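These notes concern the structure reproduced below.
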Amino acid sequence: MSQPSKLIADRVAISRTVLASLNEHTPEIAKELEALLFPEGTPKSLTTADFLHALRDVLSRSTEAMFAADLAHTRELADDDAPRALAEERIEVLRALLLSLRTTLASTYGVPVAAAYGIPSQIPDDTEVLIRVASTVERLLRERPLIEPPKIKSLAIAPLAVSEDLGFAIVDLKRALADVAREKREAIVSQSTKNLSMARWQSMYQGVTEAACGLYALAGQGALAEGIRPTARRLAGLPEEEDAAPSTERSR
C-alpha cells in the first residue's frame, strides 16, 4: 500500500490527537455542556453529543480527503517513471540511428555525402533539436537520390528503407514525449488538488480544535483542552510529542 508523504503524515498525526480526544471524551463533555448551555433541558431534536460528533466529523472528513489527495499525487508521480524511461530509451534509439547512418555514409560514400543528407558532425543532445535534425535527414533520404557510388559495394545503403526506419523512430519518440507531457499535466492537477486539500485541512483543523478547546474549557476540562490545543508547531503542520505516539485508532 502506498504511504503518505511526511508532510501529510504529520498532519494526520495532529488530527488524530483531536479526533481521539473527541471520540473518548464526548460523552462526559456533552453532559457538562448540556447542563451549561441548556439549563432547562436539551432540545429533543439535538443533543450536545450530536454537536460534538458533528464537529469531530468535520475534521475527520478533511483529514481523510487530504490523505487521499496525497496518495493520489504520490501514485501520479510514480506513474511518470515508465513514460520517462521509455522516452529516454527512444531518444537513444534515434541518436544511435543517426550516428550509425552518419558513420556508414561517411565511411562508404564520403563525408560530403553524409553532410548532403543533413547529418551534423555532432548528433544533438537537445531532444527537440534532435527531432528537427532527424526529420530533415528523413526527408532528404526520400528526396535526394544517392547517386554517389559506394567505396565498398556490400556496404551500400537503401535511402528509402533508411528513411522509413528513421521515420518510425521519430514517430515513436514523439509519442513517448507526448505521454511524458501528459503525465506532467496530470501531476500538476494532482498537486493542485493536494494543495487545496491541505489548505482546507488547515482551516478545518484550526476551527474544530479551537472550538473543541473552548467547549472542553466550558465543561471544566482544562487539561483536556491543553492536550489538543493548536500550538504554533501544530498550526505549522509539525506534530507535538503526543501526536507522534503510536496509535491503532482510525481518524474516526
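The values are calculated or read from the model by the stated rules, or taken from the named source; none is laboratory data. Being a predicted model, the structure only gives us computed values, none of them experimental. Backbone-built Cβ (ideal geometry, glycine too); neighbour counts: all protein chains shown.
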Exercise for the section: Could you tell me whether T47 is among the hydroxyl-bearing types (S, T, Y), in contact (Cβ under 8 Å) with a residue 12 or more places away in the chain and farther than 17 Å from P230 by Cα? Expected result: yes
Exercise for the section: Answer yes or no as to whether V111 is under 30 Å from L140 (Cα atoms) and in contact with a helix residue (DSSP H, G or I) (Cβ under 9 Å, 6 or more places away or on another chain). Expected result: yes
Practice task
Quickly run through region 104-127 and pick out the residues that are of a type in the set (A, V, I, L, M), farther than 24 Å from R175 by Cβ and surrounded by 16 or more Cβ atoms within 10 Å (Cβ to Cβ).
Solution key: L105, A106, V113, A114
Fill in the blank from the handout: Restricted to region 158-167 and to residues being surrounded by 14 or more Cβ atoms within 10 Å (Cβ to Cβ) and not acidic (D, E), the residue farthest from L130 (Cα to Cα) is P159
Exercise for the section: Identify the residue in region 30-59 that is within 41 Å of the chain's Cα centre (by Cα), surrounded by 16 or more Cβ atoms within 10 Å (Cβ to Cβ) and hydrophobic (A, V, I, L, M, F, W, C) and, among all such residues, is farthest from L71 (Cα to Cα). Expected result: A49
Exercise for the section: Check whether at least one residue in region 41-61 is in contact with a Phe, Trp or Tyr (Cβ under 8 Å, 6 or more places away or on another chain) and either modelled with pLDDT of 85 or more or not assigned by TED's automatic domain parsing to the domain that holds G207 (or both), and report yes or no. Expected result: yes
Practice task
Might you let me know whether region 128-149 holds any residue that is charged (D, E, K, R) and surrounded by 16 or more Cβ atoms within 10 Å (Cβ to Cβ)?
Solution key: yes
Practice task
Within region 197-214, identify whether any single residue is polar (S, T, N, Q) and in a loop (DSSP other than H, G, I, E, B), and answer yes or no.
Solution key: no
Practice task
Mind counting the residues in region 108-148 that are among the acidic types (D, E) and in contact with a Leu (Cβ under 8 Å, 6 or more places away or on another chain)?
Solution key: 1
Exercise for the section: Assess whether T74 counts as being of a type in the set (S, T, Y) and under 29 Å from V180 (Cα atoms). Expected result: yes
